[in-house]
1. Can you work out which of the residues in the range 65-74 that are crowded, with 16+ Cβ neighbours inside 10 Å, without any contact (Cβ under 8 Å) to a residue 40 or more places away in the chain and of a type in the set (A, V, I, L, M) is farthest from Ile117 (Cα to Cα)?
2. Residues being of a type outside the set (Val, Ile, Thr) and buried (at least 16 other Cβ atoms within 10 Å of the Cβ): count how many of those fall in the range 33-64.
3. Can you name the number of the only condition in (1) modelled with pLDDT under 95; (2) of a type outside the set (Val, Ile, Thr); (3) in contact with a Pro (Cβ under 9 Å, 6 or more places away or on another chain) that Ala69 fails?
4. Tell me which residues, restricted to the range 45-94, are within 16 Å of the chain's Cα centre (by Cα) and of a type in the set (Asp, Glu).
5. Filter the range 1-26 down to the residues that are surrounded by 12 or more Cβ atoms within 10 Å (Cβ to Cβ) and at pLDDT 50 or above and list them by number.
Amino acid sequence: MKRRFNFRQVLAGLILTTLPLFSQAQTEPIGYVKTVTGEAWVTNAGQRVRAQRGTPILLGSQLRTQAGASLGVSFKDNTMMSFGPDTELTVDEYLYEPADEQLKLSTRLLRGTLNYIAGVIAKLKPDAVSVRTPMGVIGVRGTQFVIKVEDAQ
């Protein structure tokens, strides 16, 4: 008897076997809030929580500070980011597996101020780090920079 290849069954099987990997990757912290003054928020998978020391940062996290607030975050590779008042940043990509040379950090700064201090990713693979803004992309080639994005009016 000849067996027919069913693409849909194979695709469904692949999705079901890899789904736990994706959900695990989404819930594993890539960093943590280290300092907070004033009112700041971390949104993970649609759940918004008030930022406090120890709040986990996940892939896709959106970080926001209110007027008069500041926030400090440390990532697994020792990258440090400090945010000033009225800031909004999203962590789009984060991959830190130095033994396999898998390194990537990509963020979007929509508004506000960011003080960036490079960690291991930028030191081992500088071209793997970028900060997108409404006006362009910053490629990290040094160890520290400060950027301010103002609301377009």
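1. Taking the range 65-74 and keeping what is crowded, with 16+ Cβ neighbours inside 10 Å, we get 65, 69-74.
Filter once more, keeping what is without any contact (Cβ under 8 Å) to a residue 40 or more places away in the chain: 69-72.
Okay, now just the ones that are also of a type in the set (A, V, I, L, M), so 69, 71.
Working: Ala69: 20, Leu71: 14 Å.
By that ranking, first place goes to Ala69.
2. 11
3. Here Ala69 clears every test but (1).
4. Answer for the range 45-94, where residues must be within 16 Å of the chain's Cα centre (by Cα) and of a type in the set (Asp, Glu): Asp77, Glu88, Asp92, Glu93.
5. Within the range 1-26, Gln26 is the sole residue that qualifies.
The values are calculated or read from the model by the stated rules, or taken from the named source; none is laboratory data. Small disclaimer: the values here were computed from a predicted structure and weren't measured. Glycine gets a Cβ as well: all are built from the backbone with ideal geometry, and neighbour counts include every protein chain shown.
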